[in-house]
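Coordinate-derived values only; no laboratory data. Everything quoted here is computed from the prediction, not taken from an experiment.
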Amino acid sequence: MTNNIKSTELICTTRSWDGASLPNFPIGRPELKVFRMEFPVGAVTGWHHHPVINYGIVEQGDLTVVCQNGMERTFHQGESLVEVVGTVHRGENRGSKPVILYMFYFSEPGKEITIQHLELE
């Protein structure tokens, strides 16, 4: 039997995509959550922020992340992104096909991973 396993590091960083340092990780037992998200063409999330460290991998399409301060970046198929922590932002599918995104969240058990900002809608 041959071992044809290939490993490719996608990202290794201490900063989110906007260059901000990630917060210190809490002490204690972590809770890990993974979501598969699908954004139809033209979909826009509500304004929100994450109080926990999280990252994602764009499996399909192009996802644009827009911060409330106007900073934005588009992540393309196959790219990894380390989300901003504590910064109000939203995701937009401005492309011509659905976005499929896998997101990984690291938090303390029971802690909210996403805080909505409905007043900004």
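Relative contact order of the chain, taken over Cα pairs closer than 8 Å and 6 or more residues apart, is 37 percent. Diffusion coefficient (Stokes-Einstein, Kirkwood radius over C-alpha pairs, 20 °C, 1.002 mPa s) for the range 31-120: 162 µm²/s, rounded to a whole number.
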